[in-house]
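Bear in mind that the values in this text are calculations on the coordinates, not laboratory data. What you see is a predicted model, and the numbers here were worked out from it, not measured in a lab. Backbone-built Cβ (ideal geometry, glycine too); neighbour counts: all protein chains shown.
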Amino acid sequence: MTNKVRNSAHEASPPINAPIIEPVNARNNLALLSGYADYLRVEKGLRPLTCEAYLSDLRIFAELLEDRDAILISAVEADVSAFLDHLRAHGIDSRSSARKLSCLRGFYKWLLLDRRIHHDPTVNIESPKAWKVLPKSLAEPEVTEMLERAAMGAAHPQAKATTLRDRAILELLYGAGLRVSEVTSLSVSDLGLDSGRVQVRGKGDKERIVPLGRAAVQALEQYLREGRPHLERISSVRKKRPAPQDRSKLFLSLRGMPLTRQWIWSLVKQSNRHTSPHGLRHSCATHMVEHGADLRSVQMMLGHADISTTQVYTHLALGRLKAVHRMHHPRGARRAGQPAESNLLPASSSVPELVEPQHAGKEPS
């Protein structure tokens, strides 16, 4: 009898472990990230790879918040500071940490404008101090040697269609300073070779007109005349019905598909292992500044939203700046036939000071 009572009591007692409740943090974060991804793609017009990079940073932050029993929409300044400390503890450099913080700023600015939060947790967070990394560019003789080698291959009587295509790509990367994603997205209709220009869709789907030099125009004309028709015929044979968007692309592969960023990166590396597609873009801007181009024109050509991005090229043109300093500064000028020391006056010489008379009540300008 006693055993029956014990068994019935054991069956009626509640289980030791509490029932598992599905956490809602992950679902709330996923909904926010999905909405932000739509905002970046539709309203901001960012590229898929850029959107994925932003979302990846936000997912890392969301994982840290889950350990702190918080979600993205309820994060506070202490959470953001803990996130930066977490990155620093795991060896993430200040430049990458600053980029991730910038991603958080954009995300919470979106929530604030959408009136989902009342305070931005990143507003009082100081960005990590990062060394400015100057873009690497090639010297002019290096670029000239690379392009001349490509031109020699294209000038061969039995030059292949791919050789003509590769030369046109290199001339376009350096001659117009295009991004690799801008090159891969070009269509034949974007070219205006008669007027020496190309219409480019850059970051955020912003369009701009970029001038083309004579060498780039000649390379593109030869590719369109002798190279691309051959690639298009091959693609039509291999693919019964090529997609219209594939056939309209300017640069085609032997399979009739648009070239990828990775393929163009490999092409540039084969031409010069010390540079990349973006390195040719930097070389284009640097050489223009060294030859006297103003920053505003370079900014418009490269498609920079802020001129502060373009100002970095003034640091790369130190050779020209030094020459200008020697030519125009009274303490740096080196006149023909005179050593630099002759420009400095001896300590015993006296120079009369010229002072313009000041009018009463008027400050000097």
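What the table shows:
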| read-out | value |
| --- | --- |
| Inter-site label distance for Arg27 and Lys160 at 7 Å from Cα along Cβ, in nm | 5.7 nm |
| Cα-projected label distance for Lys129 with Arg225, points at 7 Å along beta-carbon direction, nm | 5.9 nm |
| Sorted by Cβ neighbour density within 10 Å, fewest at the top, the residues Asp166, Asp38, Asp190 | Asp38, Asp190, Asp166 |
| Length added when fully stretched, Trp263-Met300, from 0.36 nm per residue minus Cα-Cα | 10.6 nm |
| Modelled FRET efficiency - R0 51 Å, Ala78 with Ala293, Cβ distances, 0.05 increments | 0.60 |
